[in-house]
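What follows is a single structure, written as structure tokens, with notes after it.
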Amino acid sequence: MGIETSCDETAAAVVAEGQTILSSVVASQLGTHFPYGGVVPELASREHLRAIVPVVRLALERAGKRLEEMAAVAVTAGPGLVGSLLVGITYAKALCFARQLPLIAVNHLEGHIHAVVLEARRHGRPIDYPALALVVSGGHTHLFEYAEGPRYRMLGRTRDDAAGEAYDKVAKLLAFGYPGGPIIDRLAAYGDPTAVPFTLARMKGNPLDFSFSGLKTAVVRWVESRDLSAEIAARRALLARNPRPSVEEWLAVTSQPTLDLLASFQRTVIEELLRRVAAAAEAIGARAIILSGGVASNRGLREEAARRPLPCPVFFPSPELATDNAAMIAAAAWPKLQRGQTADFSLTAEAGLKLA
Amino acid sequence: METYYTGSEEETIALGERLASRLPRKGVVLLIGDLGAGKTTLAKGIVHGLGAAEPDEVSSPTFTLVHEYGHSPKVYHVDLYRIGRAGELESLGLDELLDREALVLVEWGERFPQVWPEDHIEIRLRRLPDERREIRIE
């Protein structure tokens, strides 16, 4: 059984032998967070507390299993919000204590990598080592080498904002609501991606590191140099009427220059990501590329990755496994269980837990 | 009050490094400025100036809310961008952070004036039309 409560989602899943998902339950908290334009920690831990028991129960029920049939309970130990992580960790410990089950600690980023590993295995096309993994979401933009063992080596990461954070901040600035990624991705298709010539970040030091704060500032500058107050007010009004507007409704309150800006922003983010993916894959002699995390659902990113001549096959998670879920936590725990890498009851939440 | 001008990210980091020696080992610094003003960039310099971490290791705490650097001196880098109400600060354990022997750098903290100790320092950052940054210490 896997349990995940590191940020937005309370999730539990039952996975057989690290590859067959018997159940995967995600109680999304997006509804709770929507009005605040971001994750609110107090609400997050309170919501996790409310959801954890029914979510775990439902995961067992859907899998047709009882808790005592589990080989182990795996839980995300970090990185994430401490209060949220603690809910999952404490509940996992209680389950293990009550049923004498082994407890396994999983790093959230390792989970995202294993979302893809699990699916590849299930489709009978296991991922070849070494693989290059990009985990990209609201909180993370990390490049790892994923080698046999599994062993991980960090090759690069963001020095300022995560890619998903840049999407969220641009969306908030222009009143497109939260989260920013899906809506910008959809509206970008209606704009000219070459209209606003954003410059790519030049990294001193490690060329595989990322930076998105310069792009964010460039968007702020673009917005400030125009009078967008009317369309921003119209979008606020739309969001107040309907928290989930359709693409048509958004298009009715968005000017062509703003659509062009979104398309140009999205193209720049994708370019930043895929350039480093290609360079890193080359550098480690990767035999597979894993793109995972919430931003891996971005349609523009997927299309561009398919179009580009990358040195090896690219694997994406299916949409249910791209965002936070517990099946990936159970999958990442499977090799640990086989090696006897269990945790004891002193396990604690670590906000900044590092994978490598 | 002092005012500085920086012309690039590197200069903003260098200014933070110089300012670091003048900041208390235990205390609160509010970094105040709009999106893209350079708050996280200045924080990189301050954290590095104190010898708590390399500038490249200091990233935006928007998602995780609190980043922790070094041991002695210890620096907490807090970002309240996502916090809507003061009541939500409690579960962050902010009171506990403020009690520790550490320098606490806070982005988007000016919205909760009642939370900070009276002797806190404010650094205001502004992006000028020519892309330089004006940085005022109060």
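The values are calculated or read from the model by the stated rules, or taken from the named source; none is laboratory data. Because the structure is predicted, anything quoted here is derived from the model rather than measured. As a convention, Cβ positions derive from the backbone with ideal geometry for all residues, glycine included, and neighbour counts pool all protein chains shown.
Let me confirm something: among A:S225, A:S211, A:S264, A:S255, which residue is surrounded by 20 or more Cβ atoms within 10 Å (Cβ to Cβ) and either within 21 Å of A:A195 (Cα to Cα) or at pLDDT below 95 (or both)?
Details: A:S225 fails: surrounded by 20 or more Cβ atoms within 10 Å (Cβ to Cβ); A:S211 fails: either within 21 Å of A:A195 (Cα to Cα) or at pLDDT below 95 (or both); A:S255 fails: surrounded by 20 or more Cβ atoms within 10 Å (Cβ to Cβ).
Result: A:S264 is the single residue among A:S225, A:S211, A:S264, A:S255 that is surrounded by 20 or more Cβ atoms within 10 Å (Cβ to Cβ) and either within 21 Å of A:A195 (Cα to Cα) or at pLDDT below 95 (or both).
B:Y5 versus (1) part of a loop (DSSP other than H, G, I, E, B); (2) among the hydroxyl-bearing types (S, T, Y); (3) away from chain A (no Cβ under 14 Å): which is the lone unmet condition? All conditions pass for B:Y5, except number (1). Looking only at residues of region A:211-222 that are over 12 Å from A:S264 (Cβ atoms) and in contact with a helix residue (DSSP H, G or I) (Cβ under 6 Å, 6 or more places away or on another chain), we find that the one that is farthest from the other protein chains (Cβ to nearest Cβ) is A:F212. Can we say A:G18 is modelled with pLDDT under 95 and either within 14 Å of chain B (Cβ to nearest Cβ) or over 25 Å from A:V117 (Cα atoms) (or both)? When the stated conditions are applied, A:G18 does not pass them.
Provide a single number: the residues in region B:55-96 that are modelled with pLDDT of 85 or more and more than 28 Å from A:G294 (Cβ to Cβ).
We begin by selecting, within region B:55-96, every residue modelled with pLDDT of 85 or more; these are B:55-62, B:67-81.
Now narrow it down to the ones that are more than 28 Å from A:G294 (Cβ to Cβ): B:70-75.
Going through region B:55-96 one residue at a time, the tally reaches 6.
Against the condition at the interface with chain A (Cβ under 10 Å from one of its Cβ atoms) and surrounded by fewer than 23 Cβ atoms within 10 Å (Cβ to Cβ), how does B:H67 come out, does it pass? Steps first, answer last, please.
On the way: at the interface with chain A (Cβ under 10 Å from one of its Cβ atoms): yes; surrounded by fewer than 23 Cβ atoms within 10 Å (Cβ to Cβ): yes.
Answer is yes for this residue.
Inside region A:175-184, can you point out the residues that are among the aliphatic types (A, V, I, L, M), within 14 Å of another protein chain (Cβ to nearest Cβ) and crowded, with 24+ Cβ neighbours inside 10 Å?
First pass over region A:175-184, keeping only residues among the aliphatic types (A, V, I, L, M): A:175, A:183-184.
With within 14 Å of another protein chain (Cβ to nearest Cβ) added as a condition, the list becomes A:175.
Result: no residue meets the conditions.
Could you tell me whether any residue of region A:162-169 is of a type in the set (S, T, Y), within 30 Å of A:R236 (Cβ to Cβ) and at pLDDT 95 or above? Yes, because at least one residue in region A:162-169 is of a type in the set (S, T, Y), within 30 Å of A:R236 (Cβ to Cβ) and at pLDDT 95 or above.
Residues that are within 11 Å of chain B (Cβ to nearest Cβ) and buried (at least 19 other Cβ atoms within 10 Å of the Cβ) within region A:44-87 comprise A:A44, A:S45, A:G78, A:P79, A:G80, A:L81, A:V82, A:G83, A:S84, A:L85, listed in sequence order. Being within 22 Å of A:A322 (Cα to Cα), in contact (Cβ under 8 Å) with a residue 60 or more places away in the chain and more than 14 Å from every other protein chain (Cβ to nearest Cβ) is the requirement here; does A:L187 meet it? So A:L187 fits the description; yes. Considering region B:97-115, the residues that are within 14 Å of another protein chain (Cβ to nearest Cβ), closer than 17 Å to B:D34 by Cα and surrounded by fewer than 20 Cβ atoms within 10 Å (Cβ to Cβ) include one that is modelled with the highest pLDDT, namely B:W108.
The criterion of being crowded, with 17+ Cβ neighbours inside 10 Å, farther than 27 Å from A:L215 by Cα and over 17 Å from the mean Cα position of the chain (by Cα) does not hold for A:A330.
So that you can scan it fast, the table gives a plain yes or no per residue for (1) within 22 Å of the chain's Cα centre (by Cα); (2) buried (at least 17 other Cβ atoms within 10 Å of the Cβ):
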site: A:F315; (1), (2): yes, yes
site: A:N325; (1), (2): yes, yes
site: A:G340; (1), (2): no, no
site: A:A343; (1), (2): no, yes
site: A:A349; (1), (2): yes, yes
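Among the criteria (1) more than 13 Å from chain A (Cβ to nearest Cβ); (2) in a loop (DSSP other than H, G, I, E, B); (3) touching a residue at least 12 places away in the same chain (Cβ under 8 Å), the one B:R22 does not fulfil is (3). Out of B:I83, B:I46, one residue alone is buried (at least 23 other Cβ atoms within 10 Å of the Cβ), without any contact (Cβ under 8 Å) to a residue 40 or more places away in the chain and among the hydrophobic types (A, V, I, L, M, F, W, C). It is B:I83.
Within region A:168-184, residues that are free of Cβ contacts under 8 Å to residues at least 24 places away in the same chain sit with their Cβ atoms under 7 Å from residues that are in a loop (DSSP other than H, G, I, E, B), at 6+ positions apart or across chains, in these pairs: A:A171/A:G177; A:A171/A:Y178.
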